[in-house]
Every structure is written in structure tokens, then in C-alpha cells.
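Just so it is clear, none of the values below were taken in a lab; they were calculated from the coordinates. Everything numeric here is computed off the predicted structure, so don't read it as measured data. Here the Cβ positions follow ideal geometry from the backbone for every residue, glycine too, while neighbour counts run over all protein chains shown.
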Amino acid sequence: DRLKMLEIATQDNPNFIISDIEIKRGGISYSLETIRSYKEETGIKTKDLFYLIGSDSLKTFHSWHNSEQILDECQIIVAIRPGFRPSDIDNKILAKIQFANIPRIEVSSTEIRRRWIEGKTIRYMVTQQIWEYINEHELYL
């Protein structure tokens, strides 16, 4: 369902490519394996592969499986979330990442599911097409 919703959400934007590498591989997926597989599959170079994470994920990045190697395999782009302080991050990591200059949109899948279950609106949190997909497939009931 998540893959289908990604397809719906990006269908009109040619700047997005969706990969199902992790679904095909099955089992536990580590970011490093996914990044390396994607680079091999597409022939994309390290400097041209951008891996977007939220600053909440950056706080625990040091504990990720082979996190230092991830920094060597792609460009990490971090979207800043409320309460984030760069001073909480190791300088070795900060030196190898970039922060995204994008508008903050305070939305998460957890919040969308919670609101749906509570019968609250998720308008403006998802597109109409995604709302219809969630409703049609009774995803959060």
C-alpha cells in the first residue's frame, strides 16, 4: 500500500523515481545495502545520489548499521524538524551532510494514521487521490 501511495503521489512529477528494491529483497533492509543496490541497478554515481532523511532520524544516524559507509555512498540531505539542534550531532557526521532549504511541513505517517483512526480530517496532509486510496482500501481501520 505504501508503494502504491508513493506512485499515486508522484505520478505527475517526473523528478521522482520510486524503487521497490527493498520489497523485492525481502527481510530486513539496511540503508547501506539499499543504497549500494540502487547505485548498481541504475549506474548512478555517489555525487548524484541524494538520500533524504528527517533531522529526527539524523539524531540516531550514528547508531545505524554501517552509518559511516552510508556517508561515503551518497549525499545525505536532512530536512529539519521542530526541536532539532545541530549541536546534538557528532561533528564527523555534520561535516558530510547538507541541510535542505525546504519549507517545513509538519506531517508524519503516524499523525495521519492517528487522525484517520480518530475520525479527524487529514485534508491538506495528503492529496485527494491518497485520501481516496486510504478510504477505498480501509487502510487504517
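Descriptive notes on the structure:
- Note on Arg115/Asn66: beta-carbon distance plugged into 1/(1 + (r/R0)^6) with R0 of 41 Å gives a FRET efficiency of 0.70.
- Taking Cα centre as origin and charging only the Cβ of basic (Lys, Arg, +1) and acidic (Asp, Glu, -1) residues, the dipole magnitude of the chain rounds to 400 debye.
- Amide H contacts of Ala79: Ile53, Gly54, Ser55, Ala100, each under 5 Å away and 5 or more positions distant or on a separate chain (H built 1.01 Å from N in the peptide plane; Pro and chain starts excluded).
- Here the Karplus relation 6.51 cos²θ - 1.76 cosθ + 1.60, evaluated at θ = phi - 60°, turns the backbone of region 44-56 into coupling constants of 6, 8, 3, 5, 9, 9, 10, 10, 8, 9, x, 5, 5 Hz, with x for every Gly and Pro.
- Rough spin-label spacing in nm, given labels placed 7 Å along Cα→Cβ, for Thr127 and Ala9: 1.1
- About the Cα centre, charge dipole magnitude for region 73-141 (Lys/Arg +1, Asp/Glu -1 at Cβ), debye: 300
- Our coupling estimate for region 57-73, obtained by passing each phi through the Karplus curve with A = 6.51, B = -1.76, C = 1.60 and θ = phi - 60°, is 6, 4, 4, 10, 3, 4, 9, 5, 4, 6, 4, 5, 5, 4, 4, 8, 9 Hz, Gly and Pro reported as x.
- Per residue, the average separation of C-alpha pairs within less than 8 Å and at least 6 apart gives region 1-110 a relative contact order of 21 percent.
- Amide H contacts of Leu49 (H built 1.01 Å from N, under 5 Å, at least 5 apart or other chain): Gln75
- Cα-based Lys pair tally, the chain, threshold under 18 Å, eight or more apart or on separate chains: 7
- For region 122-131, 3J(HN,Hα) per residue [Karplus equation, 6.51 cos²θ - 1.76 cosθ + 1.60, θ = phi - 60°, Hz, x = Gly/Pro]: 10, 4, 6, 9, 9, 6, 4, 5, 5, 4
- Listed residues Lys96, Lys24, Lys39, most fluctuating in the chain (Gaussian network, C-alpha, under 10 Å): Lys24
- From its DSSP helices (H runs of at least four residues, each -39,500 (n - 2.57)), the chain gives a residue-normalised ellipticity at 222 nm of -11000 deg cm²/dmol.
- Charge dipole (Cα centre; +1 on Lys/Arg Cβ, -1 on Asp/Glu Cβ; no other charges) of region 10-78 amounts to roughly 60 debye.
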